[in-house]
Structures are given as C-alpha cells and as structure tokens.
Amino acid sequence: MADRKGHLKANIERDIRDIVSFELRNPRIGFVSINQIDVSGDYSIAKVYVSFMGAKYPTQNFKELDALKGVVRSKLASRLHTRKVPEVRFVLDWRFQEAERLQKALDKEEEDLERFHKENNEE
C-alpha cells in the first residue's frame with residue numbers, strides 16, 4: 001500500500017512538471033522553473049513552487065500561470081485516471097531571485113574591495 005501511494009505521488013509530480021513545462025502555451029508566462037512540488041497526504045492538494053528565471057516582473061508571470069491552474073488540473077485528471085485529483089496551488093518561490101540579488105551585492109562588494117586595494121597600493 002505504501003509503495004502504491006509513493007508511486008501515485010511520483011506520478012502526480014512528474015505529470016505536473018510535464019504539463020507546466022511542455023503543454024501550457026502562454027507567452028506571457030515566460031520560462032517557468034518548478035523548484036518543488038508538495039503533495040498532501042490525502043492527495044487533495046499539490047503545492048507547486050515556481051520561479052521565473054530572467055523575468056522582469058515575476059509577479060505578473062505568476063498571475064498568468066495561476067490563472068491556468070484549472071487547465072493544469074484538468075490535464076492532470078486525464079493522465080492520472082483516479083477518482084480524486086489534487087487541487088493545484090502555485091506558490092511563487094523567491095529563493096532564486098533572492099540568491100541572484102545577494103550574488104550581485106557580493107560581486108559589487110568584491111569589486112569595491114579590489115578598487116580599494118588598488119588605490120591604496122598605488123599611493
């Protein structure tokens with residue numbers, strides 16, 4: 001029984017990734033990166049953590065994607081062939097944007113430090 005549940009969860013995760021990555025045709029969504037999928041124990045909810053690489057306005061991209069959650073659930077239902085299909089909830093994951101911001105700050109700090117050393121060694 002536990003193996004069957006694990007198999008179902010893996011199928012849900014795989015199918016959601018495939019649907020979002022390959023079947024949604026909306027240019028306003030842009031490039032979606034699925035970072036994590038959590039399926040509740042009773043399979044009623046699938047939380048899909050997404051980010052948008054290189055997007056100027058990730059919140060707008062997220063709104064466009066979130067508007068298609070019913071489509072994702074319908075496509076998932078046709079693949080799963082189970083009586084109960086989880087509700088799909090998209091969650092905007094800011095980890096990559098935050099990491100990018102921190103990296104830029106570290107790069108600037110490193111440049112400032114190098115400039116400081118050059119200026120002090122030249123005097």
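The values are calculated or read from the model by the stated rules, or taken from the named source; none is laboratory data. Values in this document were obtained by computation on a predicted structure and should not be read as measured data. So basically every Cβ, Gly included, is an ideal-geometry build from the backbone, and we count neighbours across all protein chains shown. Heavy atoms of the whole protein, side chains included, go into the accessibility calculation; ligands, DNA and RNA do not. Shrake-Rupley method; radii C 1.70, N 1.55, O 1.52, S 1.80 Å.
Points worth noting:
- Candidates L113, L68, L76: whichever shows maximal mean-square fluctuation once the chain is modelled as a Gaussian network with Cα springs under 10 Å: L113
- Placed amide H near V91: partners under 5 Å, 5+ positions off or other chain: V48, Y49, V50
- Per-peptide packing, taken as the mean over residues of other Cβ atoms within 10 Å, places 31-42, 84-95 in the sequence 84-95, 31-42 from highest down.
- K56, K108, reordered so the largest accessible area comes first (probe 1.4 Å): K56, K108
- When log10 I(q)/I(0) by the Debye sum over Cα atoms at q = 0.09, 0.13, 0.19 Å⁻¹ is calculated for this entry, the matching label among (i) -0.19, -0.41, -0.93; (ii) -0.37, -0.60, -1.00; (iii) -0.34, -0.62, -1.07 is (ii).
- Heavy-atom accessible area ranking, 1.4 Å probe, most first, across H117, H81: H81, H117
- Charged side chains reduced to their Cβ positions (Lys and Arg at +1, Asp and Glu at -1) give the chain a dipole of some 1400 debye around its Cα centre.
- Note on exposure: L8, L80 ranked by accessible area (1.4 Å probe, complete protein assembly) read L8, L80, with the most exposed listed first.
- Mean ellipticity per residue at 222 nm, deg cm²/dmol - from DSSP H runs of n ≥ 4 across the chain, formula -39500 (n - 2.57): -18000 deg cm²/dmol
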